[in-house]
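Structure first, commentary second.
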There are 2 protein chains.
Amino acid sequence: MFKPVTIKDIAKALNLSTSTVSRALRGGYEISEETKRIVLDYAEKINFQRNPIALSLKERRSYSIGVVVCEVANQFFSQAIDGIESIAYSKGYHVIISQTHDKYNREVINTEHLAHRSVDGLLISLSAETKDYSHLVKLHQQGLPIVFFDRILDSIQTHKVTSNNFKGAFNATEYLIESGCKRIAHLANAAQLSITSERQSGYEEALKKHNIEIKPELIRYCQHGGSNVQEVEEAVRYFLDMDEKPDAIFVASDRLSTGCLAALKKYNKTEDLLIAGFSNSDVVELLKPSLSAVRQPAFEMGRKAAEMLISLIESKYPVEEFETAILETTFKKND
Amino acid sequence: MFKPVTIKDIAKALNLSTSTVSRALRGGYEISEETKRIVLDYAEKINFQRNPIALSLKERRSYSIGVVVCEVANQFFSQAIDGIESIAYSKGYHVIISQTHDKYNREVINTEHLAHRSVDGLLISLSAETKDYSHLVKLHQQGLPIVFFDRILDSIQTHKVTSNNFKGAFNATEYLIESGCKRIAHLANAAQLSITSERQSGYEEALKKHNIEIKPELIRYCQHGGSNVQEVEEAVRYFLDMDEKPDAIFVASDRLSTGCLAALKKYNKTEDLLIAGFSNSDVVELLKPSLSAVRQPAFEMGRKAAEMLISLIESKYPVEEFETAILETTFKKND
DNA sequence: TTGAAAGCGCTAACAT
DNA sequence: ATGTTAGCGCTTTCAA
């Protein structure tokens, strides 16, 4: 059995009380330099580590933060997680990641699991399927610090970080227009997500600016965020089967973008359409059909979200003022 | 402050002792059906959850397993993690993921952190930089269950899972040969990794079989696993600058494969070489230059590793017999 | 400066 | 069938 050393062991070995050892270890000043040295040296020698579980129980906090994302096998989220970790580690927090796979059920289970697992706070990007937010409202009301990133929730008052989705979508759409496209379809994420409406607005605004009519039939939503391939293929098929085919597609997310390209390849329509979309893929310039990409500052978003959460956690007083940070995207043409 | 309900609260509310409540909750049979009902109903009503921290402290185990990988932003590992989670959740374990970014230091810190954070066991794929294994040896000696997957370590006696790297590499190389290539370079991972030598053997065996001389100058190692771009670019540059240029490259890993393609694109040499390599990318057939890919059963590997670890954790007696599972790869041509 | 003791939330002998 | 108590490893009053 794996049995770490405890302060009791040290106390016994050194003929001291556990309280003295504890104090020496955390550098309390009410302890003689000499005793402190002895304890510290011994602890060092046997590579003693305090039991964080015991500490958590005592202090009623775990120095860990929970992260809930739809999936980790997604460049945007894995980059965001890297950002989260970079801050968390530097501030002494551990990061516990959990995936929803865009399922509402998993989101409920995971958030509650994390909360009761005593994370000190939650960083969450909503699952595509989630329409009922009561699990989060409840935790929030109970006082669990929560920060939303990317797919945020308006109705809960807390810090939030997201990209300038409107502008990112606007840029991408305008690029398609300026490339000569006239009938631009929009492959969108689940309708109720914050990012979906923001990106759709950007798309529509670009059309408007260039006097192109907005046609609802050119917009398709993927209610499962593209987590099943079929959903994306059907949407693409729908576009391809239209009497008046689109000449371009603006795609709303990472997952959807690659799904869309794959579908086009499958249907052998790689030449007919210009594609632009959100993607944080690190191979975006290697893709064929090519994808002009709106890239979000995912790492930065993770950092910012983690900073916000930790400030919430460590705040001495209840926080009343909340911030919604909006980070700028970049756009990269590829052809 | 976030303050969950405790069994004490329930006991008080119901005028029972904490032990009765505890027993009712865990369904002990030495409790009257009626009391049990009352407690269960009440707990349900207030959505009571046992404090897992307290439980961990008491039982000296946490029902969580630690996963150490180089990075999560890598299709192979994120798929493996999905596999790990699928088993872990079904058996009531939580998964704590941590990344080394292929740094030795991070591996040491993370493994120790996890161990002392009281994970019940460790699932690890070594970092590319790791050459000193004493941190793992120590934990293993202390009795912490460890299972290696993918990048395994021979010198520690425990369960292991890996792909048939030899055969995967053999197939890829043979494909290149059968496509008419005569001078096949090998872009390899860090030399000391288990997967590196296995894949190199496969590569060499294929050459031998087809009577092609093995030339050491055609093999380049990336000691940091390609975690810095430069390293990969330099290796590719080296191949391109040879007097007798290779006509194909067999690439040893996911990260290296995309890095290699990106470098070829950068140097504008996308047409000159045939590329085959290990990759679990889900967009592999969309890549240009094209990549014929050896795909590992990552999800399956994750499942298997998790099963092995949990069996180790839950074994009543010290386990003496260890298994090394070898999973078959698949190969997909792309052109 | 140090030690004894209580308590964080829970479980499991050991009473009753 | 239920309650009392001790203890998991640690910190922190309170006393000495």
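The values are calculated or read from the model by the stated rules, or taken from the named source; none is laboratory data. This structure is a prediction, so every number in the text was calculated from the model and none was measured. Neighbour counts run over all protein chains shown; Cβ positions are idealised from the backbone, glycine included.
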Inset, instruction - Go through the range B:255-278 and count every residue that is out of contact with any Pro (no Cβ under 7 Å at 6 or more places or on another chain), crowded, with 24+ Cβ neighbours inside 10 Å and in a helix (DSSP H, G or I). - result: 6
Legend entry - Residue match in the range B:242-250 (condition: within 22 Å of B:Thr130 (Cβ to Cβ), touching a helix residue (DSSP H, G or I) at 6+ places or on another chain (Cβ under 7 Å) and modelled with pLDDT of 95 or more): no
Inset, instruction - Within the range A:1-17, work out how many residues are without any contact (Cβ under 8 Å) to a residue 24 or more places away in the chain and away from DNA strand D (no atom under 12 Å from the Cβ). - result: 1
Legend entry - Where a residue in the range B:31-59 is more than 13 Å from chain A (Cβ to nearest Cβ) and in contact (Cβ under 8 Å) with a residue 12 or more places away in the chain and its partner, wherever it lies, is among the aliphatic types (A, V, I, L, M) and assigned to a loop (DSSP other than H, G, I, E, B), with Cβ under 8 Å and at least six apart: B:Thr35/B:Leu16; B:Val39/B:Leu16
Inset, instruction - Considering each of B:Phe148, B:Phe170 in turn, give the residue that is in the same structural domain as B:Gly226 (by TED's automatic domain parsing) and aromatic (Phe, Trp, Tyr). - result: B:Phe170
Inset, instruction - Have a look at B:Ile81, B:Ile65, B:Ile96 and point out the one that is touching a Lys or Arg at 6+ places or on another chain (Cβ under 9 Å) and buried (at least 18 other Cβ atoms within 10 Å of the Cβ). - result: B:Ile96
Inset, instruction - Examine the range A:2-11 for a residue that is near DNA strand C (Cβ under 9 Å from one of its atoms), more than 14 Å from chain B (Cβ to nearest Cβ) and part of a helix (DSSP H, G or I), and state whether such a residue exists. - result: yes
Inset, instruction - Report whether or not B:Arg303 is at pLDDT 95 or above, surrounded by 19 or more Cβ atoms within 10 Å (Cβ to Cβ) and at negative phi. - result: yes
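Working only within the range B:26-49, note down all residues that are among the charged types (D, E, K, R) and either near DNA strand D (Cβ under 10 Å from one of its atoms) or over 22 Å from A:Ala115 (Cβ atoms) (or both).
So in the range B:26-49, the residues among the charged types (D, E, K, R) come out as B:26, B:30, B:33-34, B:36-37, B:41, B:44-45.
B:Glu30, B:Glu33, B:Glu34, B:Lys36, B:Arg37, B:Asp41, listed by residue number.
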Inset, instruction - For the range B:220-240, name all the residues that are over 13 Å from B:Leu256 (Cβ atoms) and in contact (Cβ under 8 Å) with a residue 24 or more places away in the chain. - result: B:Arg237, B:Leu240
Legend entry - Candidates B:Ala80, B:Ala73, B:Ala54, filtered to the one that is small (Gly, Ala, Ser) and within 13 Å of DNA strand D (Cβ to nearest atom): B:Ala54
Inset, instruction - Identify, by number, the condition in (1) part of a loop (DSSP other than H, G, I, E, B); (2) over 17 Å from the mean Cα position of the chain (by Cα); (3) under 30 Å from A:Ser98 (Cβ atoms) that B:His140 doesn't meet. - result: (1)
Legend entry - So A:Asn110, is it closer than 27 Å to B:Pro4 by Cα, crowded, with 23+ Cβ neighbours inside 10 Å and more than 8 Å from chain B (Cβ to nearest Cβ): yes
Inset, instruction - State whether one or more residues within the range B:18-25 are of a type in the set (D, E, K, R), under 20 Å from A:Ile53 (Cβ atoms), within 16 Å of DNA strand D (Cβ to nearest atom) and more than 9 Å from every other protein chain (Cβ to nearest Cβ). - result: no
Legend entry - From the options B:Ala185, B:Ala235, B:Ala190, B:Ala206, residue that is under 24 Å from the mean Cα position of the chain (by Cα) and aliphatic (A, V, I, L, M): B:Ala190
